[in-house]
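Each remark here refers to the structure printed beneath this line.
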């Protein structure tokens, strides 16, 4: 059985990594470094190339069963591969999540809605670390309590187990001052959130020229 130590120096993936960095390695070479050795009847490079072919077809939903269908690949090495894939998914996914830490972040995320000619009432759903899970349009039209029902706002939050939400809507008129209806809707949703255990972190009114934060103004 060939291992990385048996290969010619110039072809050793591990040596190549030392000299040129991991980014210089091909996919199968990276995998061969991870595996370290081949299996009975297959050197590590041959095995790695076979595994890469499987991963290219079904990377996101690869399973232990699919990996062990490769002749000679046992559960231990398959588990190494699965653990590495899952670790990568978690780190990449975490990095890509937008963290909302201020009303400015909310405004910048909702810029696509600032030119709308009708009022768009939106809800931003957050996890426990204030990472944005999703943004949903709840209603379109003049904001009032009949258009914005707590059920419509919180159903997604309950389904996805969100820790908190941020509500927002645009003012096509250009004024940033909240109306009485804006304040009443906010208070109604805040009370519903308290019952459900889902905090409303802010209500942001926005226009082309800026935004108004209920939290910053002390209303929330």
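The values are calculated or read from the model by the stated rules, or taken from the named source; none is laboratory data. Since we're looking at a predicted model, the values are computed, not measured. All Cβ positions, even for glycine, are placed from backbone atoms using ideal geometry, and neighbour counts span all protein chains on display.
When residue 72 is tested against (1) within 30 Å of residue 211 (Cα to Cα); (2) touching a strand residue (DSSP E or B) at 6+ places or on another chain (Cβ under 6 Å), just one condition goes unmet, and that condition is (1).
Taking the range 177-194 as the range and being touching a helix residue (DSSP H, G or I) at 6+ places or on another chain (Cβ under 9 Å) and free of Cβ contacts under 8 Å to residues at least 24 places away in the same chain as the test, only 191 passes. Residues that are more than 20 Å from residue 212 (Cα to Cα) and either crowded, with 16+ Cβ neighbours inside 10 Å or touching a helix residue (DSSP H, G or I) at 6+ places or on another chain (Cβ under 7 Å) (or both) within the range 159-176 comprise 162, 163, listed in sequence order. Flag: residue 125 does not match the condition of being free of Cβ contacts under 8 Å to residues at least 40 places away in the same chain, in the same structural domain as residue 113 (by TED's automatic domain parsing) and surrounded by 15 or more Cβ atoms within 10 Å (Cβ to Cβ). With a requirement of 1 or more residues that are loosely packed, with under 12 Cβ neighbours inside 10 Å and at pLDDT 85 or above, the helices (runs of 4 or more DSSP H) lying completely within the range 19-112 that satisfy it span 44-58, 64-68, 75-96.
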